[in-house]
Amino acid sequence: PNLVITSCSQMLEKAGILNKTKVAENGKRIRKNWSQSWTVLHGGILTFHRDPKSAPAGNASKSSQIVPEFTVELRGSSLGWAAKDKSSKKNVLELRTRQGCEFLMQYDTESIICDWLKVIQDTIRQLDHL
Ligand code: I3S
């Protein structure tokens, strides 16, 4: 048990802004709905937060607008570059979860998306060995 606790405390962390859309749920295709998201990697979980711009204005403080929209358990997930026919956007990653959910993640600046690719793939590998 100590080993797991030690490993968890050394899990990679990252946060930043990305564009994302869910494209499949339980193996079933769903309509894309791209939106910007404050994205947080912590403890082997990736959390996409709601776009504050989509929240009703005036009735909430800034902090209460940071609401999780999707939470992805990375254990058993896979991440790679999305095929060209998945999106007309550039720098698109495709994340598939064990539960049959699929997300596209995108950012125009290549270095930013490459950093996410690396840190999430490293996390998935880390989780494989726990
Ligand atoms: O794969 P699709 O269906 O061509 O994705 C595009 C659509 O979701 C489109 O919205 P509506 O057709 O629902 O109005 C979005 O505005 C586009 O951004 C989607 O395509 P890209 O290539 O941007 O992922």
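Each value in this text was obtained by applying a stated rule to the coordinates, not by laboratory testing. Here the structure is a predicted model, which means the values were calculated and not measured. Please note: Cβ atoms are built from the backbone with ideal geometry, for glycine as well, and neighbour counts cover all protein chains shown.
For segment 96-116, the candidate set comprises residues that are among the polar types (S, T, N, Q) and free of Cβ contacts under 8 Å to residues at least 24 places away in the same chain; within that set, the residue that is surrounded by the most Cβ atoms within 10 Å (Cβ to Cβ) is THR109. In segment 117-127, the qualifying residues are those that are touching a residue at least 40 places away in the same chain (Cβ under 8 Å) and of a type outside the set (A, V, I, L, M, F, W, C), and the one that is farthest from LEU79 (Cα to Cα) is GLN126.
The residue pairs whose first member lies in segment 69-94 and is touching a residue at least 12 places away in the same chain (Cβ under 8 Å), whose second member is among the basic types (Lys, Arg) and more than 12 Å from the ligand (Cβ to nearest atom), and whose beta carbons are closer than 8 Å, counting only pairs six or more residues apart or on different chains, are GLU69/ARG50; GLU73/ARG98; ARG75/ARG98; GLY76/ARG98; SER77/ARG96; SER77/ARG98; SER78/ARG96; LEU79/ARG96.
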